[in-house]
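Worksheet: one structure, shown below.
The values are calculated or read from the model by the stated rules, or taken from the named source; none is laboratory data. None of the values given here were measured: they were computed from a predicted structure. As a convention, Cβ positions derive from the backbone with ideal geometry for all residues, glycine included, and neighbour counts pool all protein chains shown. The protein model used for the area step is the full one, side chains on, heavy atoms only, and it has no ligands, DNA or RNA in it. Shrake-Rupley method; radii C 1.70, N 1.55, O 1.52, S 1.80 Å.
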Amino acid sequence: MGASLRALRALVLLAGFYLLGVFLLAALGGIDYAVVTTLHGPIVAKLLLASLVLTVPIVRGMFMLRTPKGEPLAGVTVGEAQEPELWAAVRDVAQQVGTRAPDEIVLIDEVNAAVAEDAKLLGLRPGTRRLYLGLPLMTGLDEMQLRAVLAHEMGHYANFDTRLTPLIARGRAQLIRTIGYFHERADKKVAKERAKQERKDEKRIAKGKKAKGVDTAGEGAMYRAMAKVYIAYGNFYMRATRSTSRRQELAADLASVRVAGRDSAASALRELNALDSAHDFYMGSYATLGVGAGLLPRPGEVFGGLRRLLDARSADLDELRRELSTEPTSPYDSHPALAERVARIEALPDDGRAGQAARPALELLADAGAALAALEQVVLTPEALALKRVDWEDLVHEAMTVYVGQGAEDLGEAFAAEGAGPGLGAVLDAFDADPAVRWRIADRFPKSEEAQAATGRTAREFARPVVRRALNQLVTVELTARGAARWQLSWSDSASLRYPADGFEDRLGEALDAAVADLPDTEPLRKLVLAP
(Lines give C-alpha, C1' and ligand atoms only; values in the text may rest on other atoms or scores of the structure.)
Protein backbone atom coordinates (compact mmCIF):
# COMPACT_ATOMS: atom_id res chain seq x y z
CA MET A 1 0.00 0.00 0.00
CA GLY A 2 1.49 3.35 -1.09
CA ALA A 3 1.96 6.37 1.14
CA SER A 4 -1.05 8.16 -0.39
CA LEU A 5 -3.37 5.23 0.24
CA ARG A 6 -2.06 4.78 3.76
CA ALA A 7 -2.62 8.49 4.43
CA LEU A 8 -6.15 8.21 3.05
CA ARG A 9 -6.80 5.17 5.22
CA ALA A 10 -5.55 6.99 8.31
CA LEU A 11 -7.82 9.95 7.48
CA VAL A 12 -10.81 7.66 6.98
CA LEU A 13 -10.18 5.95 10.33
CA LEU A 14 -9.91 9.34 12.04
CA ALA A 15 -13.05 10.53 10.27
CA GLY A 16 -14.79 7.37 11.49
CA PHE A 17 -14.35 8.59 15.06
CA TYR A 18 -16.15 11.84 14.21
CA LEU A 19 -18.87 10.02 12.26
CA LEU A 20 -19.44 7.75 15.25
CA GLY A 21 -19.85 10.82 17.44
CA VAL A 22 -22.27 12.42 14.98
CA PHE A 23 -24.28 9.19 14.80
CA LEU A 24 -24.51 8.92 18.59
CA LEU A 25 -25.49 12.58 18.93
CA ALA A 26 -28.16 12.07 16.28
CA ALA A 27 -29.43 8.99 18.10
CA LEU A 28 -29.60 10.89 21.40
CA GLY A 29 -31.38 13.76 19.60
CA GLY A 30 -33.91 11.32 18.17
CA ILE A 31 -34.53 9.84 21.59
CA ASP A 32 -34.97 13.34 23.06
CA TYR A 33 -37.51 14.21 20.36
CA ALA A 34 -39.46 11.04 21.04
CA VAL A 35 -39.42 11.74 24.78
CA VAL A 36 -40.67 15.33 24.38
CA THR A 37 -43.47 14.37 21.97
CA THR A 38 -44.73 11.26 23.75
CA LEU A 39 -44.12 11.74 27.47
CA HIS A 40 -45.18 14.34 30.02
CA GLY A 41 -44.24 15.31 33.53
CA PRO A 42 -41.00 15.28 35.55
CA ILE A 43 -39.69 12.18 33.79
CA VAL A 44 -39.16 14.24 30.62
CA ALA A 45 -36.73 16.56 32.37
CA LYS A 46 -34.85 13.62 33.89
CA LEU A 47 -34.45 11.86 30.54
CA LEU A 48 -33.36 15.06 28.79
CA LEU A 49 -30.81 15.70 31.53
CA ALA A 50 -29.44 12.15 31.14
CA SER A 51 -29.15 12.70 27.39
CA LEU A 52 -27.32 15.98 27.94
CA VAL A 53 -24.89 14.35 30.35
CA LEU A 54 -24.10 11.65 27.78
CA THR A 55 -23.62 14.28 25.09
CA VAL A 56 -20.84 16.10 26.95
CA PRO A 57 -18.05 13.45 26.63
CA ILE A 58 -18.97 12.83 22.98
CA VAL A 59 -18.62 16.51 22.12
CA ARG A 60 -15.47 16.90 24.24
CA GLY A 61 -13.82 14.02 22.40
CA MET A 62 -14.77 15.38 18.99
CA PHE A 63 -13.37 18.83 19.71
CA MET A 64 -9.97 17.72 20.89
CA LEU A 65 -8.10 19.85 18.38
CA ARG A 66 -4.48 19.44 19.43
CA THR A 67 -2.62 16.29 18.43
CA PRO A 68 -0.93 14.88 21.54
CA LYS A 69 2.85 14.92 21.58
CA GLY A 70 4.65 12.10 23.31
CA GLU A 71 7.51 12.79 25.67
CA PRO A 72 10.85 12.56 23.83
CA LEU A 73 13.13 9.78 24.98
CA ALA A 74 15.79 10.84 27.45
CA GLY A 75 19.23 10.77 25.90
CA VAL A 76 22.29 12.67 24.74
CA THR A 77 21.92 14.70 21.56
CA VAL A 78 25.15 14.60 19.57
CA GLY A 79 26.05 16.96 16.77
CA GLU A 80 28.15 16.28 13.70
CA ALA A 81 31.16 18.03 15.24
CA GLN A 82 31.02 15.65 18.23
CA GLU A 83 30.46 12.41 16.32
CA PRO A 84 31.57 12.90 12.69
CA GLU A 85 31.88 9.19 11.81
CA LEU A 86 28.47 8.30 13.19
CA TRP A 87 26.83 11.19 11.36
CA ALA A 88 28.67 10.25 8.14
CA ALA A 89 27.35 6.69 8.41
CA VAL A 90 23.80 7.88 9.04
CA ARG A 91 23.89 10.32 6.13
CA ASP A 92 25.34 7.66 3.84
CA VAL A 93 22.61 5.19 4.75
CA ALA A 94 19.90 7.83 4.30
CA GLN A 95 21.25 8.66 0.86
CA GLN A 96 21.26 4.99 -0.16
CA VAL A 97 17.68 4.59 1.03
CA GLY A 98 16.69 7.76 -0.83
CA THR A 99 15.46 9.95 1.99
CA ARG A 100 16.43 13.03 3.97
CA ALA A 101 18.75 12.31 6.90
CA PRO A 102 17.59 13.07 10.43
CA ASP A 103 18.18 16.53 11.86
CA GLU A 104 19.16 15.19 15.27
CA ILE A 105 20.75 12.02 16.65
CA VAL A 106 19.96 11.17 20.26
CA LEU A 107 21.90 8.43 22.05
CA ILE A 108 19.63 6.51 24.45
CA ASP A 109 19.97 3.69 26.99
CA GLU A 110 17.88 1.01 25.21
CA VAL A 111 18.52 -1.95 22.92
CA ASN A 112 16.60 -0.11 20.27
CA ALA A 113 16.69 2.36 17.43
CA ALA A 114 13.73 4.51 16.45
CA VAL A 115 12.84 7.52 14.35
CA ALA A 116 10.40 10.35 14.92
CA GLU A 117 9.32 13.40 12.99
CA ASP A 118 7.63 16.52 14.32
CA ALA A 119 5.33 16.71 11.30
CA LYS A 120 2.85 19.58 11.04
CA LEU A 121 -0.78 19.80 9.94
CA LEU A 122 -1.56 16.16 10.73
CA GLY A 123 1.50 15.03 8.81
CA LEU A 124 0.94 17.09 5.68
CA ARG A 125 4.06 19.17 6.30
CA PRO A 126 7.44 17.66 7.17
CA GLY A 127 9.14 18.58 10.44
CA THR A 128 12.27 17.98 12.47
CA ARG A 129 13.52 14.43 12.08
CA ARG A 130 15.07 12.70 15.07
CA LEU A 131 16.96 9.40 15.23
CA TYR A 132 17.12 7.64 18.58
CA LEU A 133 20.04 5.23 18.77
CA GLY A 134 20.67 2.97 21.76
CA LEU A 135 24.24 2.67 23.03
CA PRO A 136 23.48 -0.83 24.40
CA LEU A 137 22.34 -1.72 20.87
CA MET A 138 25.58 -0.41 19.36
CA THR A 139 27.53 -2.34 22.01
CA GLY A 140 26.37 -5.66 20.55
CA LEU A 141 26.47 -4.90 16.81
CA ASP A 142 29.20 -4.56 14.24
CA GLU A 143 29.17 -1.67 11.78
CA MET A 144 27.36 -3.54 8.99
CA GLN A 145 24.66 -4.75 11.36
CA LEU A 146 24.27 -1.18 12.62
CA ARG A 147 23.95 0.03 9.04
CA ALA A 148 21.20 -2.55 8.55
CA VAL A 149 19.37 -1.15 11.57
CA LEU A 150 19.87 2.43 10.37
CA ALA A 151 18.60 1.52 6.90
CA HIS A 152 15.47 0.02 8.47
CA GLU A 153 14.83 3.26 10.35
CA MET A 154 15.56 5.42 7.28
CA GLY A 155 13.11 3.18 5.43
CA HIS A 156 10.38 4.46 7.74
CA TYR A 157 11.25 8.00 6.68
CA ALA A 158 11.32 7.07 3.01
CA ASN A 159 7.90 5.39 3.26
CA PHE A 160 6.44 8.44 5.08
CA ASP A 161 5.62 6.24 8.09
CA THR A 162 6.62 8.96 10.56
CA ARG A 163 4.57 11.58 8.70
CA LEU A 164 1.40 9.54 9.29
CA THR A 165 2.06 9.10 12.99
CA PRO A 166 0.21 12.32 14.04
CA LEU A 167 -2.95 11.19 12.26
CA ILE A 168 -2.92 7.81 13.95
CA ALA A 169 -1.88 9.22 17.32
CA ARG A 170 -4.72 11.76 17.26
CA GLY A 171 -7.34 9.10 16.62
CA ARG A 172 -6.02 6.87 19.40
CA ALA A 173 -5.82 9.77 21.84
CA GLN A 174 -9.38 10.90 21.12
CA LEU A 175 -10.72 7.40 21.59
CA ILE A 176 -8.80 6.91 24.83
CA ARG A 177 -9.93 10.31 26.13
CA THR A 178 -13.58 9.71 25.32
CA ILE A 179 -13.64 6.20 26.77
CA GLY A 180 -11.82 7.41 29.88
CA TYR A 181 -14.32 10.21 30.40
CA PHE A 182 -17.29 7.84 30.20
CA HIS A 183 -15.67 5.49 32.72
CA GLU A 184 -14.80 8.43 34.97
CA ARG A 185 -18.42 9.57 34.99
CA ALA A 186 -19.61 6.01 35.69
CA ASP A 187 -17.17 5.64 38.59
CA LYS A 188 -18.29 8.96 40.09
CA LYS A 189 -21.92 7.91 39.86
CA VAL A 190 -21.14 4.61 41.60
CA ALA A 191 -19.14 6.40 44.31
CA LYS A 192 -21.95 8.91 44.87
CA GLU A 193 -24.56 6.17 45.19
CA ARG A 194 -22.30 4.14 47.49
CA ALA A 195 -21.81 7.13 49.80
CA LYS A 196 -25.55 7.77 49.80
CA GLN A 197 -26.38 4.18 50.75
CA GLU A 198 -23.65 4.09 53.42
CA ARG A 199 -25.12 7.22 55.05
CA LYS A 200 -28.54 5.61 55.08
CA ASP A 201 -27.12 2.48 56.69
CA GLU A 202 -25.40 4.58 59.34
CA LYS A 203 -28.72 6.21 60.21
CA ARG A 204 -30.45 2.82 60.36
CA ILE A 205 -27.78 1.44 62.69
CA ALA A 206 -28.04 4.54 64.89
CA LYS A 207 -31.75 3.81 65.25
CA GLY A 208 -31.02 0.20 66.19
CA LYS A 209 -32.07 -1.21 62.84
CA LYS A 210 -30.19 -3.65 60.62
CA ALA A 211 -28.15 -2.17 57.77
CA LYS A 212 -29.37 -3.01 54.28
CA GLY A 213 -25.86 -3.07 52.81
CA VAL A 214 -24.54 -1.36 49.70
CA ASP A 215 -25.74 -2.34 46.24
CA THR A 216 -24.51 -0.21 43.32
CA ALA A 217 -25.34 -2.72 40.59
CA GLY A 218 -26.60 -0.89 37.53
CA GLU A 219 -25.22 2.50 38.54
CA GLY A 220 -23.36 4.17 35.68
CA ALA A 221 -24.69 1.58 33.23
CA MET A 222 -25.48 4.18 30.55
CA TYR A 223 -21.96 5.60 30.71
CA ARG A 224 -20.39 2.17 30.49
CA ALA A 225 -22.66 1.24 27.58
CA MET A 226 -21.50 4.33 25.68
CA ALA A 227 -17.90 3.48 26.52
CA LYS A 228 -18.38 0.01 25.06
CA VAL A 229 -19.44 1.56 21.74
CA TYR A 230 -16.19 3.52 21.59
CA ILE A 231 -14.17 0.54 22.79
CA ALA A 232 -15.56 -1.51 19.90
CA TYR A 233 -14.48 1.17 17.43
CA GLY A 234 -11.17 1.52 19.26
CA ASN A 235 -10.47 -2.20 18.81
CA PHE A 236 -11.24 -1.89 15.11
CA TYR A 237 -9.05 1.22 14.90
CA MET A 238 -6.13 -0.49 16.62
CA ARG A 239 -6.37 -3.62 14.49
CA ALA A 240 -6.43 -1.56 11.31
CA THR A 241 -3.53 0.74 12.26
CA ARG A 242 -1.44 -2.09 13.72
CA SER A 243 -1.79 -4.17 10.57
CA THR A 244 -0.46 -1.18 8.64
CA SER A 245 2.41 -0.88 11.12
CA ARG A 246 3.37 -4.52 10.57
CA ARG A 247 3.47 -4.03 6.81
CA GLN A 248 5.60 -0.93 7.32
CA GLU A 249 8.11 -2.97 9.32
CA LEU A 250 8.42 -5.53 6.53
CA ALA A 251 8.89 -2.78 3.96
CA ALA A 252 11.58 -1.17 6.11
CA ASP A 253 13.34 -4.56 6.37
CA LEU A 254 13.75 -4.53 2.60
CA ALA A 255 15.58 -1.19 2.84
CA SER A 256 17.85 -2.81 5.41
CA VAL A 257 18.68 -5.62 2.97
CA ARG A 258 19.36 -3.22 0.09
CA VAL A 259 21.88 -1.19 2.10
CA ALA A 260 23.65 -3.77 4.27
CA GLY A 261 23.03 -7.04 2.48
CA ARG A 262 20.82 -10.01 3.25
CA ASP A 263 23.09 -11.64 5.80
CA SER A 264 23.87 -8.48 7.77
CA ALA A 265 20.17 -7.56 7.88
CA ALA A 266 19.17 -11.02 9.13
CA SER A 267 22.02 -11.23 11.64
CA ALA A 268 21.15 -7.78 13.00
CA LEU A 269 17.62 -8.97 13.81
CA ARG A 270 18.96 -12.15 15.40
CA GLU A 271 21.40 -10.06 17.40
CA LEU A 272 18.55 -7.85 18.59
CA ASN A 273 16.83 -10.88 20.07
CA ALA A 274 19.96 -11.90 21.96
CA LEU A 275 20.88 -8.38 23.03
CA ASP A 276 17.44 -7.61 24.42
CA SER A 277 17.56 -10.56 26.82
CA ALA A 278 21.24 -10.04 27.66
CA HIS A 279 20.71 -6.36 28.42
CA ASP A 280 17.77 -7.03 30.75
CA PHE A 281 19.83 -9.66 32.58
CA TYR A 282 22.87 -7.39 32.74
CA MET A 283 20.96 -4.42 34.15
CA GLY A 284 19.26 -6.55 36.81
CA SER A 285 22.21 -8.73 37.82
CA TYR A 286 25.25 -6.52 37.27
CA ALA A 287 24.67 -2.82 36.65
CA THR A 288 22.25 -2.40 39.56
CA LEU A 289 23.66 -5.15 41.79
CA GLY A 290 25.15 -2.67 44.24
CA VAL A 291 22.28 -0.17 44.42
CA GLY A 292 20.91 -1.68 47.63
CA ALA A 293 24.36 -1.29 49.15
CA GLY A 294 24.75 2.30 47.92
CA LEU A 295 27.08 1.42 45.04
CA LEU A 296 27.30 1.87 41.28
CA PRO A 297 30.04 0.91 38.78
CA ARG A 298 32.56 3.51 37.68
CA PRO A 299 31.29 6.27 35.32
CA GLY A 300 30.66 4.85 31.87
CA GLU A 301 30.35 1.30 33.18
CA VAL A 302 26.65 1.32 34.12
CA PHE A 303 25.85 0.72 30.45
CA GLY A 304 29.38 0.03 29.22
CA GLY A 305 29.79 -3.15 31.28
CA LEU A 306 27.37 -4.90 28.93
CA ARG A 307 30.26 -5.57 26.54
CA ARG A 308 32.02 -7.67 29.20
CA LEU A 309 28.94 -9.81 29.66
CA LEU A 310 28.50 -10.32 25.92
CA ASP A 311 32.12 -11.44 25.56
CA ALA A 312 31.86 -13.89 28.47
CA ARG A 313 28.52 -15.49 27.54
CA SER A 314 28.87 -15.99 23.81
CA ALA A 315 27.52 -19.56 23.95
CA ASP A 316 24.31 -18.43 25.64
CA LEU A 317 23.94 -15.62 23.13
CA ASP A 318 24.42 -18.01 20.20
CA GLU A 319 21.43 -19.97 21.43
CA LEU A 320 19.31 -16.80 21.65
CA ARG A 321 20.37 -15.86 18.12
CA ARG A 322 19.23 -19.23 16.81
CA GLU A 323 16.01 -19.69 18.77
CA LEU A 324 13.65 -16.89 17.76
CA SER A 325 10.14 -16.76 19.12
CA THR A 326 7.58 -18.42 16.85
CA GLU A 327 4.51 -17.21 18.75
CA PRO A 328 1.78 -16.04 16.37
CA THR A 329 1.41 -12.30 15.89
CA SER A 330 -1.53 -10.67 17.66
CA PRO A 331 -3.77 -8.35 15.59
CA TYR A 332 -2.72 -5.65 18.04
CA ASP A 333 1.05 -6.13 17.64
CA SER A 334 2.86 -3.26 15.94
CA HIS A 335 5.65 -5.54 14.65
CA PRO A 336 5.53 -8.93 12.92
CA ALA A 337 7.07 -11.82 14.84
CA LEU A 338 10.86 -11.65 14.74
CA ALA A 339 11.06 -15.19 13.40
CA GLU A 340 8.82 -14.19 10.48
CA ARG A 341 10.93 -11.15 9.65
CA VAL A 342 14.18 -13.13 9.73
CA ALA A 343 12.67 -15.94 7.65
CA ARG A 344 11.52 -13.47 4.97
CA ILE A 345 14.98 -11.91 4.77
CA GLU A 346 16.89 -15.20 4.74
CA ALA A 347 14.60 -16.52 1.98
CA LEU A 348 15.83 -13.78 -0.36
CA PRO A 349 18.44 -14.70 -3.02
CA ASP A 350 22.09 -14.61 -2.01
CA ASP A 351 23.40 -11.12 -2.83
CA GLY A 352 27.08 -12.05 -2.53
CA ARG A 353 27.66 -9.83 0.50
CA ALA A 354 28.08 -12.53 3.10
CA GLY A 355 30.97 -12.33 5.54
CA GLN A 356 31.63 -8.61 5.14
CA ALA A 357 34.39 -7.54 7.49
CA ALA A 358 33.19 -4.89 9.91
CA ARG A 359 34.50 -3.23 13.05
CA PRO A 360 32.44 -2.99 16.26
CA ALA A 361 29.72 -0.37 15.94
CA LEU A 362 30.91 1.51 19.03
CA GLU A 363 34.08 2.39 17.13
CA LEU A 364 32.00 4.83 15.09
CA LEU A 365 31.94 7.02 18.19
CA ALA A 366 34.77 9.45 18.83
CA ASP A 367 34.99 8.32 22.47
CA ALA A 368 32.62 5.51 23.42
CA GLY A 369 33.52 5.69 27.10
CA ALA A 370 32.75 9.40 27.25
CA ALA A 371 29.44 8.86 25.45
CA LEU A 372 28.44 6.11 27.89
CA ALA A 373 29.36 8.30 30.86
CA ALA A 374 27.43 11.26 29.42
CA LEU A 375 24.37 9.07 28.95
CA GLU A 376 24.43 8.13 32.64
CA GLN A 377 24.26 11.80 33.58
CA VAL A 378 21.08 12.21 31.56
CA VAL A 379 19.09 9.04 32.26
CA LEU A 380 20.05 8.13 35.85
CA THR A 381 18.20 9.76 38.72
CA PRO A 382 20.01 12.25 40.99
CA GLU A 383 19.78 9.65 43.76
CA ALA A 384 21.54 7.06 41.60
CA LEU A 385 24.22 9.52 40.49
CA ALA A 386 24.96 10.29 44.13
CA LEU A 387 25.86 6.66 44.91
CA LYS A 388 29.46 5.66 45.54
CA ARG A 389 31.32 4.62 42.37
CA VAL A 390 33.68 1.63 42.59
CA ASP A 391 35.41 -0.88 40.33
CA TRP A 392 33.44 -3.99 39.36
CA GLU A 393 35.46 -6.29 41.63
CA ASP A 394 34.93 -4.06 44.66
CA LEU A 395 31.27 -3.53 43.79
CA VAL A 396 30.53 -7.25 43.78
CA HIS A 397 32.45 -7.91 47.00
CA GLU A 398 31.04 -4.98 48.93
CA ALA A 399 27.46 -5.48 47.72
CA MET A 400 27.40 -9.22 48.40
CA THR A 401 28.96 -8.64 51.83
CA VAL A 402 26.16 -6.20 52.68
CA TYR A 403 23.40 -8.48 51.40
CA VAL A 404 24.70 -11.60 53.12
CA GLY A 405 25.12 -9.59 56.31
CA GLN A 406 21.51 -8.39 56.08
CA GLY A 407 20.36 -11.97 55.61
CA ALA A 408 22.44 -13.02 58.63
CA GLU A 409 20.66 -10.40 60.74
CA ASP A 410 17.36 -12.09 59.96
CA LEU A 411 18.90 -15.45 60.87
CA GLY A 412 20.18 -13.92 64.08
CA GLU A 413 16.62 -13.27 65.23
CA ALA A 414 15.79 -16.97 64.92
CA PHE A 415 19.00 -17.95 66.75
CA ALA A 416 18.48 -15.33 69.48
CA ALA A 417 14.93 -16.55 70.11
CA GLU A 418 16.44 -19.87 71.20
CA GLY A 419 19.17 -18.24 73.25
CA ALA A 420 21.91 -18.71 70.64
CA GLY A 421 24.01 -15.81 69.42
CA PRO A 422 24.79 -13.26 68.40
CA GLY A 423 27.72 -14.35 66.30
CA LEU A 424 29.04 -17.68 65.12
CA GLY A 425 30.96 -18.44 68.33
CA ALA A 426 27.92 -17.95 70.55
CA VAL A 427 25.81 -20.12 68.23
CA LEU A 428 28.32 -22.96 68.44
CA ASP A 429 28.40 -22.59 72.23
CA ALA A 430 24.63 -23.01 72.31
CA PHE A 431 24.91 -26.13 70.12
CA ASP A 432 27.41 -27.64 72.54
CA ALA A 433 25.23 -26.81 75.56
CA ASP A 434 22.04 -28.21 74.06
CA PRO A 435 22.22 -30.06 70.70
CA ALA A 436 18.42 -30.02 70.41
CA VAL A 437 18.50 -26.25 70.03
CA ARG A 438 19.46 -26.83 66.38
CA TRP A 439 16.12 -28.45 65.58
CA ARG A 440 14.16 -25.80 67.49
CA ILE A 441 15.93 -23.14 65.46
CA ALA A 442 14.98 -24.95 62.23
CA ASP A 443 11.33 -24.85 63.35
CA ARG A 444 11.46 -21.05 63.14
CA PHE A 445 12.06 -21.12 59.38
CA PRO A 446 9.38 -21.72 56.72
CA LYS A 447 8.67 -25.41 56.02
CA SER A 448 7.14 -27.43 53.26
CA GLU A 449 3.95 -29.36 54.04
CA GLU A 450 5.97 -32.58 54.04
CA ALA A 451 8.47 -31.17 56.54
CA GLN A 452 5.67 -29.91 58.80
CA ALA A 453 4.14 -33.38 58.94
CA ALA A 454 7.45 -35.16 59.67
CA THR A 455 8.42 -36.35 63.15
CA GLY A 456 11.43 -37.95 64.86
CA ARG A 457 14.45 -38.72 62.70
CA THR A 458 12.60 -37.78 59.51
CA ALA A 459 11.97 -34.30 60.93
CA ARG A 460 15.67 -33.95 61.76
CA GLU A 461 16.61 -34.86 58.19
CA PHE A 462 14.43 -32.01 56.98
CA ALA A 463 15.88 -29.65 59.59
CA ARG A 464 19.54 -30.55 59.11
CA PRO A 465 20.12 -28.75 55.74
CA VAL A 466 18.22 -25.71 57.05
CA VAL A 467 20.56 -25.36 60.02
CA ARG A 468 23.58 -26.10 57.85
CA ARG A 469 22.72 -23.31 55.41
CA ALA A 470 22.19 -20.88 58.28
CA LEU A 471 25.56 -21.80 59.79
CA ASN A 472 27.25 -21.44 56.41
CA GLN A 473 25.84 -17.92 56.09
CA LEU A 474 27.21 -17.00 59.51
CA VAL A 475 30.58 -18.42 58.46
CA THR A 476 30.54 -16.25 55.33
CA VAL A 477 29.81 -13.14 57.40
CA GLU A 478 32.65 -14.03 59.77
CA LEU A 479 35.20 -14.68 57.03
CA THR A 480 34.38 -11.59 54.97
CA ALA A 481 34.38 -9.37 58.05
CA ARG A 482 37.91 -10.53 58.86
CA GLY A 483 39.07 -10.20 55.26
CA ALA A 484 39.74 -13.94 55.10
CA ALA A 485 37.31 -14.45 52.19
CA ARG A 486 36.26 -12.26 49.29
CA TRP A 487 33.35 -12.28 46.86
CA GLN A 488 34.62 -12.71 43.32
CA LEU A 489 33.13 -11.23 40.18
CA SER A 490 32.31 -13.54 37.29
CA TRP A 491 30.90 -12.37 33.96
CA SER A 492 30.06 -15.92 32.91
CA ASP A 493 28.47 -17.15 36.15
CA SER A 494 27.16 -16.01 39.51
CA ALA A 495 29.46 -14.31 42.01
CA SER A 496 31.37 -16.82 44.12
CA LEU A 497 33.19 -16.67 47.44
CA ARG A 498 36.97 -17.01 47.24
CA TYR A 499 38.20 -18.77 50.38
CA PRO A 500 41.56 -18.15 52.10
CA ALA A 501 43.33 -21.27 50.78
CA ASP A 502 43.03 -24.23 48.43
CA GLY A 503 41.00 -27.04 49.95
CA PHE A 504 39.34 -24.70 52.43
CA GLU A 505 35.89 -25.18 50.93
CA ASP A 506 36.11 -28.97 51.30
CA ARG A 507 37.24 -28.68 54.92
CA LEU A 508 34.44 -26.20 55.57
CA GLY A 509 31.88 -28.64 54.21
CA GLU A 510 33.14 -31.37 56.49
CA ALA A 511 33.11 -29.03 59.50
CA LEU A 512 29.53 -27.93 58.80
CA ASP A 513 28.44 -31.57 58.47
CA ALA A 514 30.02 -32.31 61.84
CA ALA A 515 28.22 -29.40 63.50
CA VAL A 516 24.78 -30.59 62.36
CA ALA A 517 25.36 -34.32 62.90
CA ASP A 518 23.16 -36.21 65.38
CA LEU A 519 26.14 -36.10 67.76
CA PRO A 520 27.41 -32.59 67.03
CA ASP A 521 31.07 -31.70 66.98
CA THR A 522 31.66 -27.96 66.66
CA GLU A 523 35.42 -28.11 67.18
CA PRO A 524 36.37 -28.46 63.47
CA LEU A 525 34.31 -25.37 62.61
CA ARG A 526 35.82 -23.39 65.48
CA LYS A 527 39.37 -24.25 64.44
CA LEU A 528 38.75 -23.56 60.77
CA VAL A 529 36.87 -20.26 61.10
CA LEU A 530 37.31 -18.80 64.57
CA ALA A 531 40.88 -19.73 65.42
CA PRO A 532 43.21 -16.69 65.35
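One table, with the values for the structure above:
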item	result
Residues satisfying the stated conditions in region 227-240, i.e. surrounded by fewer than 22 Cβ atoms within 10 Å (Cβ to Cβ) and not basic (K, R)	V229, I231, A232, Y233, G234, N235, F236, Y237, M238, A240
Residue that is closer than 22 Å to V396 by Cβ, touching a residue at least 24 places away in the same chain (Cβ under 8 Å) and of a type in the set (V, I, T), where the choices are V477, V427	V477
In region 241-256, the residues that are over 26 Å from V12 (Cβ atoms) and either touching a Lys or Arg at 6+ places or on another chain (Cβ under 6 Å) or surrounded by 18 or more Cβ atoms within 10 Å (Cβ to Cβ) (or both)	D253, A255, S256
Subset of region 283-314 that is of a type in the set (S, T, Y) and more than 22 Å from E143 (Cβ to Cβ) - its residue that is most open to solvent (accessible area, probe 1.4 Å)	T288
Filter result for A217 (aliphatic (A, V, I, L, M) and part of a helix (DSSP H, G or I))	no
Test: residue in region 89-105 that is part of a strand (DSSP E or B) and more than 30 Å from I231 (Cβ to Cβ)	yes
Candidate set from region 33-52 (those that are modelled with pLDDT under 75 and touching a helix residue (DSSP H, G or I) at 6+ places or on another chain (Cβ under 9 Å)); member that is nearest to K188 (Cα to Cα)	A50
Output for region 192-226, where each listed residue is surrounded by 13 or more Cβ atoms within 10 Å (Cβ to Cβ) and within 34 Å of the chain's Cα centre (by Cα)	Y223, R224, M226
Residues of region 440-472 satisfying the condition of being in a helix (DSSP H, G or I) and among the polar types (S, T, N, Q)	Q452, T458, N472
Of all residues in region 496-530 being small (G, A, S) and open to solvent by 40 Å² or more (accessible area, probe 1.4 Å), the one that is nearest to R438 (Cα to Cα)	S496
Odd one out for D443 among (1) surrounded by 14 or more Cβ atoms within 10 Å (Cβ to Cβ); (2) touching a Lys or Arg at 6+ places or on another chain (Cβ under 9 Å)	(2)
Matching residues in region 257-282 - criterion: being open to solvent by 20 Å² or more (accessible area, probe 1.4 Å) and among the polar types (S, T, N, Q)	S267, N273, S277
Region 53-88, residues that are among the charged types (D, E, K, R), at pLDDT 75 or above and either open to solvent by less than 60 Å² (accessible area, probe 1.4 Å) or in a helix (DSSP H, G or I) (or both)	E83, E85
Residue within region 172-179 that is open to solvent by 30 Å² or more (accessible area, probe 1.4 Å), in a helix (DSSP H, G or I) and within 26 Å of Y157 (Cα to Cα) present	yes
Among residues of region 228-250, those that are among the small types (G, A, S) and at pLDDT 85 or above, counted	1
Selection status of G305, on the phi < 0 side of the Ramachandran plot, touching a strand residue (DSSP E or B) at 6+ places or on another chain (Cβ under 8 Å) and at pLDDT 90 or above	yes
Enumeration of residues in region 477-493 that are open to solvent by 50 Å² or more (accessible area, probe 1.4 Å) and either modelled with pLDDT of 90 or more or assigned to a helix (DSSP H, G or I) (or both)	E478, A481, R486, Q488, S492, D493
Residues satisfying the stated conditions in region 319-339, i.e. open to solvent by 70 Å² or more (accessible area, probe 1.4 Å) and under 20 Å from A252 (Cβ atoms)	Y332, H335
Qualifying residue in region 373-388 (condition: farther than 25 Å from L107 by Cβ and open to solvent by less than 30 Å² (accessible area, probe 1.4 Å))	no
Residue tally, condition over 21 Å from K228 (Cβ atoms) and of a type in the set (S, T, Y), over region 8-51	3
Options G425, G405, G456: the member that is farther than 15 Å from A515 by Cα, surrounded by 13 or more Cβ atoms within 10 Å (Cβ to Cβ) and either small (G, A, S) or in contact with a Pro (Cβ under 7 Å, 6 or more places away or on another chain) (or both)	G405
